[in-house]
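Only one structure is covered here, and it is reproduced in the block below.
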Amino acid sequence: MEDSLPPASDTPNTRVECVKPSTAVSESSSIHSDRFLSVPREFSELDLHTVNGAFNPSDYFEDQNEAIVNNFLEAAQPDTRNGLYFSDGKRKVDYVLAYHYRKRSPPLSTPGALGLAVISNGSYGNPDEKKDTQAVHSSQDVVVDVTPQDAVEEEKMRSREEFEKNLMEAGLEMEKDKENKIQGIGFVRLHAPWLVLSREAEFLKIKVPTKKVYEVKEEGGVMATLNSAWDTITKPLQPKVPHLQSNTKTKYISHSFSREKLHLYNISEKETFFDNATRSRIVYEILKRTSCIRTCQSTGITTLIANGVYDSAFPLHDGTFENTEEKNERQILHQEWARYGAFYKYQPVDLIRKYFGEKIGLYFAWLGVYTQLLIPASLVGIIVFFYGCATVDTDIPSLEMCNEDKNFTMCPLCDGPCDYWHLSTACSTARASHLFDNPATVFFSVFMSLWAAMFLEHWKRRQMRLSYRWDLTGLEEEEENWQKEHPRPKYETKLLQKRQKKRRSKRKNKSEANTPERDQVGKEKLTWKDRMPGYIINFTSILFMFGVTFSAVFGVIVYRIITSAIIAMSPDPQTKANVRVTVTATAVIINLVVILILDEIYGAVATWLTEIEIPKTEKDFEERLILKAFLLKFMNSYAPIFYVAFFKGRFVGRPGDYVYIFNHYRMEECAPGGCLMELCIQLSIIMLGKQLIQNNLFEIGIPKLKKLYRKLRDKGTAPEETDDNQRLSRQWDLDYNLEPFTGLTPEYMEMIIQFGFVSLFVASFPLAPLFALLNNIIEIRLDAKKFVTELRRPDAVRAKDIGIWYNILSGMGKFSVIINAFVISFTSDFIPRLVYQYMYSETGTMHGFIDHTLSYFNVSHFKPGNAPTLSQYDKEVTVCRYKDYREPPWSPNAYDFSKQYWSVLAARLAFVILFQNLVMFLSELVDWMIPDIPKDISEQIKKEKTLLVDVFLKEEKEKLQLIQSLFLKDQTAQQKAGGVPRRHRAASFSQFSREQRCQHTDV
C-alpha cells in the first residue's frame, strides 16, 4: 500500500509513522490493513522508551500494541450480549454511526456483470475477485453486494466508504454488520485504541488526575461545626452513589494529558483510564474534522448527516437502565435521580457530569440551585399572603367600600343598556384585592429584587466550586477555540456554492482562465454582503412576529369589550353581576391557548431565521437562536400581562367623553378595587397553565407520540429479509430507537420564562415562587427521566459556565426592579393611599379614602344615547361617581384633572425613582460583599498550582541527576579503559540524533 497523508492532524509539520495494527481483531472487524497515524511533531519526542536518552519509535509502538493485546487477553471477559463491545467482547464501542441502505441483487440475465462490492475494511473490489479476497481474510471479512438503485444511493455509499477509510487512517477501529436485507439500517461501530486516545487527549488538552494527592483544607471553628451538623441532618437526602461516598478530604492534582509524562498520571489500566464520556468525546472530535473531499466535498460528520449520507451519530448508553445484578452508571442515575420517588433527594451532579458531560451537568446544577433558593422566596410569599388574609377584616378602604350606608352610586359601565349601580356590590372584589394589594407587597417586591441578586451571586460561587471540582478552572482558550473552529454544514454548503459561482465567473473571463484556482481554495469566506438578505429577512420577520403578538392581544381585548357589552344587555341580574368574572376567566384562557400555540410557532421561526443568517459555528448558531427565541417568547408570554398592568383603564376617558373603539364599544375599565386583582388572575392562570401544559404534558406526551409515529412508520415500511438470521437487538439498536438529543435551549428557555413570572410581576402574585417551586420539583425528575430513559446519550461537551443564559438572567433581574416599581406605583393603590393619609386625611387615617378617590359627574351632561335607557334610579340620581381625580361639575374647570391627580402622579414617579435606586444600590452592595470565588477555593487553586510546579521541578531534577550520574559513570569507565573521551562520542551521537529528528514530512 502506498503511503498517504492522513487528515488526522492539522499541524503544518508532521512526521508520518506507519504503524502495524493489533492482531486482536474481531471476526467481522474491518481492520486488516496497515493504519497510518500522523503524529504531530511536538508530540513525537516521547519519554516512554529511551536508551541513554535516545527515543526508539518502533519499540514504542510495538510495545504499545503488545500492551493493548495483553490487556485484552488478561482483562475479564465482558458480556458481549449487552452490545457495548465489538464481537470479540474486548474492545469498547465508543461511537456509533447509523445509516439507511438500499441494495438489490444483480440481474439474472447478466451473471458475469461487474458490480460494486464493498469489503468490511473499506477497500473496493470486484465480485470476480471474491474468492481471492475470502482466501486472504478467511471468515473475518464479509463481502456484500450493494448494487445501488439510483445515483443518489451510489453517491452516498461512496461517501461513506471514503469517510470510513479516512477514519481508519486516523487510527479508529470499526466494525460493521452484514447487510442481510434489501433495505434497512446499518450501523458502523467505532473504537478508539490507546494510541488514538492518548494522541487526541494531548491535542485537546484534556485534564486527567496525576498521582500527586493533597489534603483539601477544611474550615474550622463554628462553620465546621455547622457544616457537620448540616451533613448529619441531610444525610437521608443524599443519593446513594458509590463514588460520592468516597473520601472527600483528599484530591488528586490534575494536569493536561501529555504522552511524555505518562508516569506522572494515575493509570491503573489503559482501557479504563479515560471514562466512556471522554472516549466518546475524543471520537466525536475526530469525526468532526475528518474530511470526505473526493466524493462529497465536505468535512465532518455533521455535514454528512445533513446531506443524508448518515442518518445519525451517537455514543452508547452504559447498558439498560432497568435493575440488574451489576449496576452501571445509567442504572444508578435512574434509581437515585430519574424517578419521581427520589424527589426529596439531592441531585448527584458529579455523576451527571461524568455521564453526560460538563454542559449538561451545569444545567442540572443551576436548576438545583434555582429550585433550592425558591424555598425561602416561597416562605416569604406565603407569609405575605397570610398577612393579607389576616388584615382584610381591618382594612378601612375595604370596609368603606362594603358599607351599604355610604351608598356610592356609580356611573354606568356601558352606554344604553347598563344602569347605575352601587359600589357596595363590588365588596367581594375589594376584599380579594387586599389579599395581594397591601403594605407587605412593597416589602416582598424589595425582597424578591434582592433575592434575584442573591441567586445570581450564589450561582456564581456554586459554579466556581463545580469548576474547581471538575477541573474546569484552567479550561484553556485554545480548547474553546478548537471547538469553535468546526464550520456548520449550512455554512460549508453556502461557501461551496460561492466558490463554484466564483469559478464559473473566472472561466468566462479569458484573462483569468490560466490562473491557478487552487491558490484561492480556503481563502473565501462569507461576508456581510452574503448574509445581508438573511439579516433583512430577520429584521422584517421579527417585526412581523411582534405585530402578530400585539394583534393577538388586541383581539382578546376586543373579545372582552364585546362580551362585556353583550352580557350587560342580558335581562338576568345574576348574569350581569358576574360579568367581570366571566369575561376575565374566559379571556385569560383564550390568552393561554394563543400563547401556547404561538410559542411553538415562534420556536420554529427562530430556528429558521437563525439558519438563513448562516452562522459559521455551532456556538454562534446557538447564541443567535437563543436571543431570537427568547425575544419572541418573552413578548408572547408577557404581552397580555403588560397590557393589564400598565395600559388597561389608563385610556378610558370619563363619563360624557369616553374613548371608543370601532366607534361603538367603550375601552374597558379596571374593577373598583383596581387592576391588581385582575393582574393576579392573569399572571396565575398563564403561569400555571404554561407549567402544567407546556412544561409537563408536552414534554411527556410529544416524545411518546414521536416514538409511536416512528414505530408505526418503521413497521409500515419494514424491509424484506434476505437472510433467515436476524440480528439480535443490541445496545446500538435500542439507542437508535430513542429520541435524538436536540440541545438544552428548550430546557433553559422554559425556566427563564418562569423566572420572569417569579421576578417581574411578583408584586401582584406573592404565591408565584411557591408554584414555581412545586413545578421545579417535578421538572427536575421529568428532565432527568427524559435524559436517562428517553433520549440518546448526548455528546459530552465541556463548558465552564452556562454561557449566554447568565447574561439573560442578569438582565431580567435588573429589569424586574423597574417593572415591580411601576406595578406598585401605578397598578396598585399603595401610593394613592400614602398620599391621602399624609396629605389630605383630616384624622391621619384611611377613613374617607374611597370618597376621596371618586369624582362626580352630572347625569344631565350625558351625550344622547349614552345615558341608561331603562333605569330604576332615573328619577333619584342626579350625580353619579366614577374613579378618577377630576374637578366636580360645579367647578369652573369642570372635569379637568384636579390637584390631587398631579400630587399622586408626582408621588408615583418619585417612588419609582426611589425604589429603583434603592434596590439597585442594595443589589450592587450584595454583589460587592459576596466574592465570586469562595476564599477556600481560591486558596486551594493556588496550592494546587504550587504543588503541580513542585512535581514538575522534582521530575526535572531527578532526570538531571540521572543524566549526570550516567555521564560521570561512562566518563570514568572510558578514562580507565584509556579510550576516546565519551563526550566527543556523545556529541557526535547528539548531532546524529538531531539530524535524524529534523527529517520530517511537510504536510
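The values are calculated or read from the model by the stated rules, or taken from the named source; none is laboratory data. Bear in mind that the values here come from a model prediction, so they are computed numbers and not experimental data. Because the Cβ atoms are built from the backbone with ideal geometry, glycine has one as well, and the counts that use them run over all protein chains shown. With ligands, DNA and RNA removed, areas are computed over all heavy atoms of the protein, side chains included. Shrake-Rupley method; radii C 1.70, N 1.55, O 1.52, S 1.80 Å.
Overall form of region 229-319: oblate. Here a/c, set by the Cα gyration tensor axes a ≥ b ≥ c, is 1.5 or more, and a/b is not larger than b/c. Taking all protein chains as present, what is the carbon and sulfur share of the accessible area of region 267-418, in % to the nearest whole number, probe 1.4 Å? Solvent-exposed carbon and sulfur of region 267-418 make up 53 percent of the total.
Let me check I have the definition right: for region 326-431, take the eigenvalues of the Cα gyration tensor, multiply each by 5, take square roots. What are those semi-axes in whole Å, largest first?
Working: eigenvalues 651, 60, 27 Å².
For region 326-431, the semi-axes come out at 57, 17, 12 Å.
Applying D = kT/(6 pi eta Rh) to region 343-390, where Rh is the Kirkwood radius over alpha-carbon pairs, T corresponds to 37 °C and eta to 0.692 mPa s, the Stokes-Einstein value obtained is 261 µm²/s. The packing ranking of peptides 761-770, 631-640, highest mean first, is 761-770, 631-640, where packing means the average number of other beta carbon atoms within 10 angstrom of each residue. On the principal axes of its alpha carbon atoms, region 164-219 extends 67, 27, 15 Å, with the longest extent given first.
In Å², what does the accessible area per residue of region 555-655 work out to with a 1.4 Å probe? So region 555-655 comes to 43 Å² accessible per residue, rounded to a whole number. Working ranking of peptides 447-456, 400-409, 773-782 by packing, defined as the average number of other Cβ atoms within 10 Å per residue, highest first, is 447-456, 773-782, 400-409. Protein heavy-atom accessible surface, 1.4 Å probe, per residue over region 776-929: 50 Å².
Between rounded, prolate and oblate, where does region 834-957 land on the alpha carbon gyration tensor, with a ≥ b ≥ c its root eigenvalues, rounded for a/c under 1.5, else prolate if a/b exceeds b/c? Prolate. Each peptide in 227-240, 649-662 receives the mean, over its residues, of other Cβ atoms within 10 Å, and ordering these scores from highest gives 649-662, 227-240. Averaging the sequence gap over all C-alpha pairs within less than 8 Å and six or more residues apart, then dividing by the number of residues, gives region 370-462 a relative contact order of 33 percent. The overall shape of region 847-905 is prolate: from the C-alpha gyration tensor, with semi-axes ordered a ≥ b ≥ c, the ratio a/c is 1.5 or greater and a/b exceeds b/c. Per residue, the convex hull spanned by the Cα atoms of region 578-710 measures out at 176 cubic angstrom.
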